[in-house]
Amino acid sequence: MTCAAPAEGSLAIALARCAACSQAAPLVVTRSDTRAVRLARAIRDAAPDLDVVLIPGWDVPLGERDQPSRAVLGQRAAAIAALSRPAKGAGRLVLATAEAALQRLPPPDAWPDVALAIATDTLYDEETWRKRLIAGGYILDERIDEPGEAAFRGSVVEIFPGDADRPVRCDIVDGRVARIRTFDPASQRSTGDCDRITVHPVTEIPAAPEIVARLIQGLESRRDPMAAGLAEELAAGRRPYAFERLLPLAYDRLPSVLELLADNPVVMDEGVGDRLEAWFDELEGADASAMHLDRDAWETGLRGRAVLTLEPDGQASSSEAPAVSERTLPRLRRGEDCRG
């Protein structure tokens, strides 16, 4: 089904209303990361109680072995953690770029409890914090400037969570967290206070014992010399080059977001079809099927569920088709069309 797409602000409001009245979390596939971020921000403003989950794609070209940035990995880890628990508040809406929708994810039910939850007045144990952050892929440094870094300096601990806009400074007094402040990494000046923060990993392969054991077993099965001493290297905070590419060895299965949201309605943003076709061509050339869906798998994942495709005004399949509204997804769930 196709419908004329409204302006971005109106679309955000309509999607928020759709998610609030839908029993199944809608999946919105966007044409770009910036579009997804803008929609997520607008949807949160329109519906503060709605659980908005944003899944970005890796920020490295397909086929290259460079590591994704810790910021992107942190955002994806936060999304995986969110999908592992029931929706909170007024429902849930999931946003993913076309690239992210094709990329396989660690199974949320196998995601280990490696996030570090920090709140004021909680007990502070430096060794536990250090081990948790290192297992989650954080770099321990003297000064933090980028997401995925942490610094321990006596009674002050600074952490830049991978999914956060600013780092936090934790003041430790008498073995407890006395204060949590956000601050500007350039000026080092505090910008505000918060009561609690969850520090998610900045990797999709946290160094939890069960994951490391499975990874080493997979490496040994293909006689990869990386297996020797890998556990010790990870415990010391040293990760091999292109470590995230080992995802297929770290988990028994890698589901896609379509599998995680089975039967849920899907909204396809303007231009997504072209983005998907370009990616299918690249995936075929790169032979990256272990970590991505190909065209057949994508079409199979969409089969049998409600799919609404947004087109520029005037290009929808029917001249009478209106723009998407808060009634659109409930209608789609009942199998009705977009008209009248």
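At a glance:
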item	result
Hits in the stretch 18-37 (condition: crowded, with 17+ Cβ neighbours inside 10 Å and either acidic (D, E) or within 17 Å of G271 (Cα to Cα) (or both))	L27, V28, V29, T30, R31, D33, R35, A36
Set V177, V199: member being in contact with a Cys (Cβ under 8 Å, 6 or more places away or on another chain), hydrophobic (A, V, I, L, M, F, W, C) and at pLDDT 95 or above	V177
Matching entry among V177, V156, V173 (being over 23 Å from Q67 (Cα atoms) and in contact (Cβ under 8 Å) with a residue 40 or more places away in the chain)	V177
Residues satisfying the stated conditions in the stretch 101-134, i.e. among the small types (G, A, S) and either modelled with pLDDT of 95 or more or not in a helix (DSSP H, G or I) (or both)	A101, A115, A117, A119
Within the stretch 73-85, considering residues that are aliphatic (A, V, I, L, M) and free of Cβ contacts under 8 Å to residues at least 40 places away in the same chain, the one surrounded by the fewest Cβ atoms within 10 Å (Cβ to Cβ)	A82
Residue list for the stretch 1-13, filter: open to solvent by 10 Å² or more (accessible area, probe 1.4 Å) and under 15 Å from L95 (Cα atoms)	E8, I13
Subset of the stretch 101-139 [under 21 Å from D193 (Cβ atoms) and touching an Asp or Glu at 6+ places or on another chain (Cβ under 7 Å)]	A119, T120
Given (1) at pLDDT below 95; (2) surrounded by 16 or more Cβ atoms within 10 Å (Cβ to Cβ), index of the condition V94 fails	(1)
Residue within the stretch 260-274 that is more than 26 Å from Q23 (Cβ to Cβ) and part of a helix (DSSP H, G or I) present	yes
Failed item in (1) more than 21 Å from the chain's Cα centre (by Cα); (2) exposed (fewer than 12 other Cβ atoms within 10 Å of the Cβ), with D165 passing the rest	(1)
Matching option when the condition is out of contact with any Lys or Arg (no Cβ under 8 Å at 6 or more places or on another chain), among the hydrophobic types (A, V, I, L, M, F, W, C) and over 16 Å from S256 (Cβ atoms), among A101, A117, A78	A78
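The values are calculated or read from the model by the stated rules, or taken from the named source; none is laboratory data. Here the structure is a predicted model, which means the values were calculated and not measured. As a convention, Cβ positions derive from the backbone with ideal geometry for all residues, glycine included, and neighbour counts pool all protein chains shown. The accessibility values were calculated without ligands, DNA or RNA, using every heavy atom of the protein model including side chains. Shrake-Rupley method; radii C 1.70, N 1.55, O 1.52, S 1.80 Å.
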